[in-house]
Amino acid sequence: MKDVSVEVANEERVGERKVGDVVIYGGGIAGALLARQLSATAKVILVDPLDYFEVSMAAPRNLVKPDFSRQSIMPFAKALPRVDHVAARLTELTSEGGIVEDASGRRLLVTGKAAVLATGNRFANELVRGQEGSGADRHAFYQRFHDRLAGAERILLIGGGPIGVEVAGEITEAWPHKHVTLVESQPRILRGTSEAAAARAAAILEMRGVTILTGQRIDGLLSNLQDVFAGSGEVTTNAGQVIAYDLAILCIGGRPNTAFMKQNFASRLTPDGHVKVAADLRVKGERSIFALGDITDLAENKMAFHIRGHVKVAATNIRSILAGKSPSLSYKPRTGDPTMVVTLGSRTGVAHLPLFGHTRWSWLVRKVKAEHMLVPNYAKIFSL
């Protein structure tokens, strides 16, 4: 039986109620792919403050070739024509549904027979994913950042994961004479893949003149660099290395965007903010709430490569719930899987692939990802 007092309280806090079969919070890869699949047979509501889907893997290319973003940014209206898009942000998850708020401050309560949390990571800045605005605003961001990059001679990249390495690859291909320094706190870059693939990436970047500093960190800089257009400066690593820069770029991973659960579902979160999920991808202890993508506590690298597996399991189990049946499909985390394809510009990169392991075949990386950054793959999925 519903708690009437909670329902009345929620009604007083929001302007109206919106109801669908499935409510998906977050329009990144996981949310958009799932919405596309389910909208063929169900009434799907997608909640996201942006009005577009962006192929996030293309972000490093867009920074140096802003016109490329016109392909990688896909309006929800065209990509998801059967989906009811609510341009708002989830602020609180309640037992009745999600309280969402749009840019004007208007609130509404969104409810459904099933809910999906696919809100992804929250990053220190908008380098990887836009935080607000339209597709046109995102295009303008990339053009402005390109101009900032073009005028900088000394570039500091903080973070040696896939994002930092790919940004280094794009910059050194576009501007071979710029001085790029990459700082990584771990003993090596690309720690999520094999040592051989990581060593190959480091060798290519060093051949291009990139200075790679591993096992070093820069403390107290994050707040200063939330503005991606911040000016020049100088930093000192914990090892005493002094680095002067014209432009510093944070390329570190984000934190799970799950603050909306702290009020009513704090017990469903790990200490670092990830959502606890069962094998069927339902939030542990919940009957009809699922979680996908980077916010889950699944023991695997947080990569787009794994998300299609999440979507397949969630789509099947949500259809079961809508049909009045119990979910039956389970997801097996890719724990310890070193699979990774990392581009170093449009012509080369490194990869560790199933069956093949580490491969030095630049032509394969070029065809699989580097030439197009997977944009045609998603355009095909969304029939664009």
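The values are calculated or read from the model by the stated rules, or taken from the named source; none is laboratory data. Note that the structure is a prediction, hence the values are computed from the model and not measured. Virtual Cβ from ideal backbone geometry, glycine too; neighbours counted across all protein chains shown. In case anyone asks, the SASA skips ligands and DNA or RNA and just uses the protein heavy atoms, side chains included. Shrake-Rupley method; radii C 1.70, N 1.55, O 1.52, S 1.80 Å.
Looking at the range 207-228, which of its residues are of a type in the set (A, V, I, L, M, F, W, C), surrounded by 12 or more Cβ atoms within 10 Å (Cβ to Cβ) and either within 15 Å of Arg154 (Cα to Cα) or at pLDDT 80 or above (or both)?
Matches in the range 207-228: Val210, Ile212, Leu213, Ile218, Val228.
Among the candidates Ile163, Ile189, Ile158, single out the residue that is within 22 Å of Glu234 (Cα to Cα) and aliphatic (A, V, I, L, M).
Values: Ile163 fails: within 22 Å of Glu234 (Cα to Cα); Ile189 fails: within 22 Å of Glu234 (Cα to Cα).
None of the others qualify; the one that does is Ile158.
Taking the condition of being polar (S, T, N, Q) and closer than 28 Å to Tyr378 by Cα, how many residues in the range 80-128 meet it? Before you say what the answer is, go through the steps one by one.
Within the range 80-128, the first condition is being polar (S, T, N, Q), and the residues that meet it are 91, 94-95, 104, 111, 119, 121, 125.
If we keep only those that are closer than 28 Å to Tyr378 by Cα too, we end up with 119, 121, 125.
So the answer is 3.
Among residues belonging to the range 252-274 that are of a type in the set (Gly, Ala, Ser) and within 18 Å of Thr94 (Cβ to Cβ), point out the one that is surrounded by the most Cβ atoms within 10 Å (Cβ to Cβ).
Quick first cut of the range 252-274, residues of a type in the set (Gly, Ala, Ser) only: 253-254, 259, 266-267, 273.
When the remaining residues are screened for being within 18 Å of Thr94 (Cβ to Cβ), the result is 259, 266-267.
Values: Ala259: 15, Ala266: 9, Ser267: 9.
Among those that are of a type in the set (Gly, Ala, Ser) and within 18 Å of Thr94 (Cβ to Cβ), it is Ala259.
Specify which of the listed residues (Ile318, Ile249) is open to solvent by less than 20 Å² (accessible area, probe 1.4 Å), touching a strand residue (DSSP E or B) at 6+ places or on another chain (Cβ under 7 Å) and within 30 Å of Leu149 (Cα to Cα). It would help to see each step written out before you state the result.
Working: Ile318 fails: within 30 Å of Leu149 (Cα to Cα).
Of the residues listed, the single one that is open to solvent by less than 20 Å² (accessible area, probe 1.4 Å), touching a strand residue (DSSP E or B) at 6+ places or on another chain (Cβ under 7 Å) and within 30 Å of Leu149 (Cα to Cα) is Ile249.
Which condition number in (1) within 19 Å of Arg217 (Cβ to Cβ); (2) of a type outside the set (Val, Ile, Thr); (3) touching a helix residue (DSSP H, G or I) at 6+ places or on another chain (Cβ under 7 Å) is the one that Tyr142 fails?
Result: Tyr142 passes all but (1).
Look at the range 193-206 and say how many of its residues are surrounded by 20 or more Cβ atoms within 10 Å (Cβ to Cβ) and over 15 Å from Ser362 (Cα atoms).
1
Just the residues that are in contact with a Ser or Thr (Cβ under 7 Å, 6 or more places away or on another chain), surrounded by fewer than 20 Cβ atoms within 10 Å (Cβ to Cβ) and under 21 Å from Gly97 (Cα atoms), please, taken from the range 275-315.
Once the filter is applied, which keeps residues that are in contact with a Ser or Thr (Cβ under 7 Å, 6 or more places away or on another chain), surrounded by fewer than 20 Cβ atoms within 10 Å (Cβ to Cβ) and under 21 Å from Gly97 (Cα atoms), the range 275-315 yields Lys276, Asp280.
Scan the range 49-62 and tell me whether some residue there is acidic (Asp, Glu), out of contact with any His (no Cβ under 8 Å at 6 or more places or on another chain), crowded, with 22+ Cβ neighbours inside 10 Å and closer than 30 Å to Ala278 by Cα.
Filtering the range 49-62 for residues acidic (Asp, Glu) gives 51, 54.
This time we only want the ones that are out of contact with any His (no Cβ under 8 Å at 6 or more places or on another chain), so: 54.
The next check asks that each one be crowded, with 22+ Cβ neighbours inside 10 Å; those that pass are 54.
When the remaining residues are screened for being closer than 30 Å to Ala278 by Cα, the result is 54.
Scanning the range 49-62, I find at least one residue that is acidic (Asp, Glu), out of contact with any His (no Cβ under 8 Å at 6 or more places or on another chain), crowded, with 22+ Cβ neighbours inside 10 Å and closer than 30 Å to Ala278 by Cα, so the answer is yes.
Would you call Thr172 in contact with a strand residue (DSSP E or B) (Cβ under 8 Å, 6 or more places away or on another chain), of a type in the set (Ser, Thr, Tyr) and within 25 Å of Asp219 (Cβ to Cβ)? Lay out the reasoning, then the answer.
Numbers: in contact with a strand residue (DSSP E or B) (Cβ under 8 Å, 6 or more places away or on another chain): yes; of a type in the set (Ser, Thr, Tyr): yes; within 25 Å of Asp219 (Cβ to Cβ): no.
No: the conditions fail for Thr172.
Determine if the range 337-347 includes at least one residue that is of a type outside the set (Lys, Arg), open to solvent by 60 Å² or more (accessible area, probe 1.4 Å) and either touching an Asp or Glu at 6+ places or on another chain (Cβ under 8 Å) or at pLDDT below 95 (or both).
no
Among the residues of the range 291-311, is any over 26 Å from Ala201 (Cα atoms), assigned to a loop (DSSP other than H, G, I, E, B) and in contact (Cβ under 8 Å) with a residue 60 or more places away in the chain?
Checked the range 291-311: at least one residue is over 26 Å from Ala201 (Cα atoms), assigned to a loop (DSSP other than H, G, I, E, B) and in contact (Cβ under 8 Å) with a residue 60 or more places away in the chain.
Taking the range 109-128 as the search range and keeping residues that are modelled with pLDDT of 95 or more and surrounded by fewer than 21 Cβ atoms within 10 Å (Cβ to Cβ), which one is farthest from Arg144 (Cα to Cα)?
For the range 109-128, the residue satisfying everything is Lys113.
In the range 83-108, which residue that is in a strand (DSSP E or B) and either open to solvent by less than 50 Å² (accessible area, probe 1.4 Å) or of a type in the set (Phe, Trp, Tyr) (or both) is nearest to Ser39 (Cα to Cα)? Before the answer, list the steps.
Here is the first cut: in the range 83-108, the residues in a strand (DSSP E or B) are 84-86, 89-93, 98-101, 107-108.
Okay, now just the ones that are also either open to solvent by less than 50 Å² (accessible area, probe 1.4 Å) or of a type in the set (Phe, Trp, Tyr) (or both), so 86, 90, 92-93, 98-100, 108.
Numbers: Val86: 15, Leu90: 21, Glu92: 24, Leu93: 23, Gly98: 20, Ile99: 22, Val100: 21, Leu108: 22 Å.
Here the answer is Val86.
List the strands (runs of 3 or more DSSP E) inside the range 129-221, counting only whole elements, that have at least 2 residues being closer than 30 Å to Leu50 by Cα and under 20 Å from the mean Cα position of the chain (by Cα).
Numbers: elements: 154-158, 179-184, 211-214.
Correct list: 154-158.
Taking Ser288 and the conditions (1) at pLDDT below 95; (2) over 23 Å from the mean Cα position of the chain (by Cα); (3) hydroxyl-bearing (Ser, Thr, Tyr), which numbered condition does it fall short on, given that it satisfies the others?
(1)
Report the residue count in the range 129-152 for those that are within 30 Å of Val313 (Cβ to Cβ) and open to solvent by 50 Å² or more (accessible area, probe 1.4 Å).
2
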